[in-house]
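Participant: Pasting a structure below so you can have a look.
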Amino acid sequence: MAIKKILVVDDSPTDRQFLTDLLSKNGFSVSTADSAEDAFNKVKQSLPDLVLMDVVLPGQNGFQATRTLSRDDATKNIPIILCTSKGQETDKVWGMRQGAKDYIVKPVNQTDLLAKIKALG
């Protein structure tokens, strides 16, 4: 499945804008959410091809949101890449155990992110 529509979930307006600009310039259709709750609504409405999920979010964190999305029959086939400043190996292992397909640490290396997205497509 080719990845065309990406939902960026991040509570930082700066990070959302950076990722939106980067992905748009590379031909992706991008929508954004600033919380896990907002993300759940947008995922169910638009069924994106990929979710880029921050971990540190207001309310539910990105680990919890990833677990919820990856276990819901309606959304379990949508890959999630955790995109976070939490760079310890234990965070990566925990994120993958919650259902993430990949993990990238901020500040985002543009080439790495695009390669990870291509690998999932």
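Values in this text are rule-based calculations from the coordinates and carry no lab data. From a predicted model like this one, the values you see are computed outputs, not experimental measurements. Note: ideal-geometry Cβ built from the backbone for every residue, glycine included; neighbour counts use all protein chains shown.
Participant: Per DSSP H run of n ≥ 4, the term is -39500 (n - 2.57); total these for the chain, divide by its residue number, and report the mean residue ellipticity at 222 nm rounded to 500 deg cm²/dmol.
Facilitator: Rounded to the nearest 500, it is -13500 deg cm²/dmol.
Participant: Express the relative contact order of the chain as a whole percentage, based on alpha carbon pairs under 8 Å and six or more residues apart in sequence.
Facilitator: Relative contact order here is 24 percent.
Participant: By how many nm would the segment from Ser31 to Lys4 grow when fully extended, if each residue of separation counts as 0.36 nm and the alpha-carbon distance is taken off?
Facilitator: Once the chain is fully extended between Ser31 and Lys4, it gains 8.6 nm.
Participant: Using a 7 Å offset from the Cα along the Cα-to-Cβ direction at both Asn77 and Gln110, what is the distance between the two label points in nm, to one decimal?
Facilitator: Here the modelled spin labels are 3.3 nm apart.
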